[in-house]
Amino acid sequence: MNKSINETRVILIGGSSHAGKSTLGLSLAAKLGWSYRSMDKLARHPGRPWVGANGKAIPEYVAEYYRIRSVDALFLDVLSHYEKNVLPIVEAIVHSYAFQLSREYLILEGSALWPEFVANLVGSNGVKAIWLTASDQLFQNRIKRESNFYNVGEDEKHLIQKFIDRTLFYNQRMREKIELLGFICIDVEFVSMTDELSNKCMELMEIS
């Protein structure tokens, strides 16, 4: 496949936890025939404070991490993790796809794609980006449903609520940065179907 220097070769999808990044990324990859990659395993720090599908108990270090930190501290710590440990990997991946024209096209998604951190990657060398946002209520509903919030003990509820509060704070600050930098952002609540969302994102990024 011949590729021109100016065509879009990498799409970045950012947003808070539970915004729907992976759903959108997989939909776009299927629609466009591109490769898809998630940064979640690299960026999930230190983990979600609830019992997952595997049924394993919450590790004590994870519980303690959320128990002792304020929401501000949780937010600053995860941003520091993204910048120090994940951003170099993101940059290496993006550069390999953007500059090595023989490679496949790529859709890369994850919460670690903080607007300020990837600003120097977007807008040149075939890299475009979009961030997903939603209301506080939508995030709360999704996280409480996944975490089985209403069927766990008070201590676990406290940990889950800390995760929710950090997510809402992240989303609020993210929207401020996106507006400041002039990046594309879409509210998932105004799009009812995944296919509609992927089409809207392609329209906003001018990808056909």
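The values are calculated or read from the model by the stated rules, or taken from the named source; none is laboratory data. These numbers were taken from a predicted model, which means no experiment stands behind them. Quick reminder, even Gly has a Cβ in these numbers, built from the backbone with ideal geometry, and neighbours come from all protein chains shown. Quick note on the areas: whole protein, heavy atoms, side chains included, nothing else; ligands and nucleic acids left out. Shrake-Rupley method; radii C 1.70, N 1.55, O 1.52, S 1.80 Å.
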Note: Asn148 to Glu7 extended length (0.36 nm per residue) minus current alpha-carbon separation gives 46.4 nm
Rounded to the nearest Å, the spacing of the alpha-carbon centers of the range 16-38 and the range 158-208 is 13 Å
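So, with +1 on the Cβ of K and R and -1 on the Cβ of D and E, and no other charges, what is the size of the charge dipole of the chain about its Cα centre, to the nearest 20 debye?
I would put it at about 400 debye.
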Measure of exposure for Met205: accessible area at 1.4 Å probe, Å² rounded to 10, is 10 Å²
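With the full set of protein chains in place, find how many percent of the accessible area of the range 21-79 is carbon and sulfur; take the probe as 1.4 Å. Each step should come with its number before you reach the end.
On the way: 1710 of 3190 Å².
Carbon and sulfur together cover 54 percent of it.
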Note to self: with every protein chain in place and a 1.4 Å probe, the chain gives an accessible area per residue in Å² of 50 Å²
Reduced to Cα centres, the span from the range 135-150 to the range 80-100 in Å works out to 30 Å
Here the chain gives, from Cα atoms, an Rg and Dmax in Å of 17.5, 58
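Over the range 163-205, what portion of Cα pair distances is larger than 16 Å, expressed as a whole percent?
On the way: 453 of 903 pairs.
For the range 163-205, the share of Cα pairs beyond 16 Å comes to 50 percent.
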Simple spin-label estimate for Asp155/Asn120, 7 Å along Cα→Cβ, in nm, reads 4.5 nm
Helix 71-81 sits off the longest principal axis of the Cα atoms of the chain, rounded to the nearest 10 on a 0 to 90 degree scale, by 40 degrees
